[in-house]
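Enquirer: Take a look at the following structure, please.
The values are calculated or read from the model by the stated rules, or taken from the named source; none is laboratory data. Note that the coordinates shown come from a computational prediction; the quantities given were computed from them, not determined experimentally. Note that we place each Cβ from the backbone using ideal geometry, even for glycine, and neighbour counts take in every protein chain shown.
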Amino acid sequence: MNLISRIRSLRRIKPLPARESPDVAESVAIIMDGNGRWAKKRGLPTAAGHRAGARTVRKIVEASIDLGIHDLSIFAFSTENWSRPREEVDALMDIFAETIERELPDLIEQGVRVRFIGRKDRAPEELRRRMDAMEDRTELNTRMNLWVAFDYGGRAELVEAARRLVDSGVDPDEIDENVFAANLYAPELPDPDLVIRTSGELRVSNFLLWQLAYAELAFVDKLWPDFGPRDLQHTLDEYASRRRRFGGR
């Protein structure tokens, strides 16, 4: 099998038929926005908002399992977030490490497989160690995939994919959507059916730029720590009422 055949075997992009109703969103991505504003409204330090947001992740993961979501992607830390105040970044790194340590046993028990997309090399060594351990210890779980975008940027992902193609020496005439997609951070990640952004902001903020080409978008006017299972259910119900055409009629 030549290089192109191997790449194409990783991920096939098939035509998506139009449906009267999309029914269940099996792949959902969430831009978890509003932790800082949630803390500010309560006169609390920003780190308190991030800790509250981490607790919300736990509730939403459990609700996603109950609602039949098979792939849940969450935007945990973007490439641009490094520009935040050093104190906030350091607190976030500590919260990520604490959350992994606290949640890992339950994720294993609930059958959740965790995978990180983006970069790990700029994270503190202890956090990288815990991230690797979480991936290793949940590798055989099949009930739900939890994709955690850490030090992630959609543009950076596309640039990296282009570099990999150039380094591989692929003939430009051989490059199509399948070949390009196979060089993304996580070729196995299904394109999201639905992307949810909390906090009322109306943008995608450099998240999964390739993958969300035909995703349905939902903007929820609640700060992330206040977003709960009922909000997720309501958003999924609203999604199910839409008609997805994928460019057709």
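Enquirer: Just need a number here: residues in segment 66-83 that are surrounded by 14 or more Cβ atoms within 10 Å (Cβ to Cβ) and under 21 Å from N206 (Cβ atoms).
Expert: Step one: of segment 66-83, the residues surrounded by 14 or more Cβ atoms within 10 Å (Cβ to Cβ) are 67, 69-79, 81.
Add one more test, that the residue is under 21 Å from N206 (Cβ atoms), and what stays is 71-79, 81.
Number satisfying all stated conditions: 10.
Enquirer: Which condition does T235 not pass, out of (1) part of a loop (DSSP other than H, G, I, E, B); (2) under 18 Å from V28 (Cα atoms); (3) of a type in the set (V, I, T), if it passes all the others?
Expert: T235 satisfies all of (1) part of a loop (DSSP other than H, G, I, E, B); (2) under 18 Å from V28 (Cα atoms); (3) of a type in the set (V, I, T) except (1).
Enquirer: Here's another thing I want to ask about it. Go through A63, A54 for me and flag whichever is surrounded by fewer than 19 Cβ atoms within 10 Å (Cβ to Cβ), in contact with a helix residue (DSSP H, G or I) (Cβ under 6 Å, 6 or more places away or on another chain) and not in a loop (DSSP other than H, G, I, E, B).
Expert: Numbers: A54 fails: surrounded by fewer than 19 Cβ atoms within 10 Å (Cβ to Cβ).
On inspection, the qualifying residue turns out to be A63.
Enquirer: Follow-up. Could you list, in sequence order, all residues of segment 52-79 that are out of contact with any Gly (no Cβ under 7 Å at 6 or more places or on another chain) and more than 18 Å from T198 (Cβ to Cβ)?
Expert: Let us first name the residues in segment 52-79 that are out of contact with any Gly (no Cβ under 7 Å at 6 or more places or on another chain), namely 52-58, 60-77.
I65, D66, G68, H70, D71 - these are the residues of segment 52-79 that are out of contact with any Gly (no Cβ under 7 Å at 6 or more places or on another chain) and more than 18 Å from T198 (Cβ to Cβ).
Enquirer: Output the number of residues of segment 174-215 satisfying the condition of being more than 22 Å from R115 (Cα to Cα), surrounded by 15 or more Cβ atoms within 10 Å (Cβ to Cβ) and within 18 Å of the chain's Cα centre (by Cα).
Expert: 2
Enquirer: Something else now. If only one of G248, G228 is of a type outside the set (F, W, Y) and at pLDDT below 95, which one is it? Break it down stepwise before answering.
Expert: Numbers: G228 fails: at pLDDT below 95.
Result: G248 is the single residue among G248, G228 that is of a type outside the set (F, W, Y) and at pLDDT below 95.
Enquirer: If I filter segment 161-173 for residues that are crowded, with 20+ Cβ neighbours inside 10 Å and closer than 21 Å to G118 by Cβ, do I get at least one hit?
Expert: Applying the first criterion (crowded, with 20+ Cβ neighbours inside 10 Å) to segment 161-173 yields none.
Within segment 161-173 (the criterion being crowded, with 20+ Cβ neighbours inside 10 Å and closer than 21 Å to G118 by Cβ), the answer is no, since none of the residues qualifies.
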